[in-house]
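Q: Before anything else, here's the structure in question.
The values are calculated or read from the model by the stated rules, or taken from the named source; none is laboratory data. Not measured: the values here are computed from a predicted model. Here Cβ is always computed from backbone atoms with ideal geometry, including for glycine, and neighbour counts include all displayed protein chains.
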Amino acid sequence: MSTVTQITDDGHLPGLQANLNLIHKLYTMATSLNTITTLHDLLDYDARSFTIAEVQLKKVLPEWISTASSLKLKTVLQKYLDHVEQHVKSMEVFFSEENISSLSLTNKVMHAFIEEMNEKLVNCTDPEVKDACMLAQVQAINHYKISVYGTAAAFANALELEKSAAIFHEAEINEKQIDDRLSQLAEHEVNKKAKTPIALPR
């Protein structure tokens, strides 16, 4: 029976000490993991990258949930956080199957999404507009993840990795469900409130 690899909140796997020197040493030693010569290599490379993206997102979602003023938006974002945590756990099974023992140090795409979100939130002065900003940015992240999970499922199917394909397909479905809930919330509540923010008395 294969053991399940655990992914910590900082994106490291067990047995790796969380100090920068060792991380860089391991990253150098694992250069071969970045060599892509087959479709299977590409799948593993992408999986390492988008899993660390989930870890990055998992860290910031609680703060965004706290910042949201709409109760319905908070609820959807909390559900999204639950999905993110589920995705990370599911990927632990994939990494055990693939004998992958390290992740990418960071996902540049997710880093850019998070940086843009935080910059916008600082500049949004109205709570309703801030909710609209947050919803739109989370949905952009959501669309990115629909793409990467859908592509990973297609690669896994082509490679006849049925168990892995099922993991990626389930994550893709979760992302699409959140996307639909965000679209409905934007149309029926958040964008309408942002269009006519409450004027505060002077």
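Q: What number goes with the only condition from (1) surrounded by fewer than 16 Cβ atoms within 10 Å (Cβ to Cβ); (2) in contact with a Leu (Cβ under 8 Å, 6 or more places away or on another chain); (3) of a type in the set (A, V, I, L, M) that A112 does not pass?
A: (2)
Q: Out of all the residues in segment 178-187, is one or more under 18 Å from H87 (Cα atoms) and either at pLDDT below 95 or not charged (D, E, K, R) (or both)?
A: Going through segment 178-187, the residues under 18 Å from H87 (Cα atoms) turn out to be 178-179.
From what's left, either at pLDDT below 95 or not charged (D, E, K, R) (or both): 178.
Yes, the conditions are met somewhere in segment 178-187.
Q: While we're here: Give E160, E187, E92 a once-over and let me know the one that is among the charged types (D, E, K, R) and in contact with a Ser or Thr (Cβ under 9 Å, 6 or more places away or on another chain). I'd like the intermediate steps shown before the answer.
A: Values: E160 fails: in contact with a Ser or Thr (Cβ under 9 Å, 6 or more places away or on another chain); E187 fails: in contact with a Ser or Thr (Cβ under 9 Å, 6 or more places away or on another chain).
So the residue among E160, E187, E92 that is among the charged types (D, E, K, R) and in contact with a Ser or Thr (Cβ under 9 Å, 6 or more places away or on another chain) is E92.
Q: Can I ask one more? Out of all the residues in segment 68-100, which are assigned to a helix (DSSP H, G or I), over 19 Å from V138 (Cα atoms) and aliphatic (A, V, I, L, M)? Step through it out loud before you land on a result.
A: Start the filter on segment 68-100 by keeping residues that are assigned to a helix (DSSP H, G or I), which leaves 71-98.
With over 19 Å from V138 (Cα atoms) added as a condition, the list becomes 89-98.
Answer for segment 68-100, where residues must be assigned to a helix (DSSP H, G or I), over 19 Å from V138 (Cα atoms) and aliphatic (A, V, I, L, M): M91, V93.
Q: For I65, work out the one condition from (1) buried (at least 17 other Cβ atoms within 10 Å of the Cβ); (2) part of a loop (DSSP other than H, G, I, E, B); (3) at pLDDT 60 or above it doesn't fulfil.
A: It is condition (2) that I65 fails.
Q: Continuing with this model, one more query. How many of the residues in segment 147-193 are buried (at least 20 other Cβ atoms within 10 Å of the Cβ), under 30 Å from V129 (Cβ atoms) and not polar (S, T, N, Q)?
A: 5
Q: Conditions first: (1) without any contact (Cβ under 8 Å) to a residue 12 or more places away in the chain; (2) of a type in the set (S, T, N, Q); (3) assigned to a helix (DSSP H, G or I). N142 passes all but one, so which condition is the exception?
A: (1)
Q: Test each condition in (1) at pLDDT below 95; (2) crowded, with 20+ Cβ neighbours inside 10 Å; (3) in contact with a Cys (Cβ under 9 Å, 6 or more places away or on another chain) for A132 and report the one that comes out false.
A: (1)
Q: Keeping to segment 101-126, report how many residues are more than 19 Å from Q139 (Cβ to Cβ), under 19 Å from the mean Cα position of the chain (by Cα) and of a type in the set (A, V, I, L, M).
A: 2
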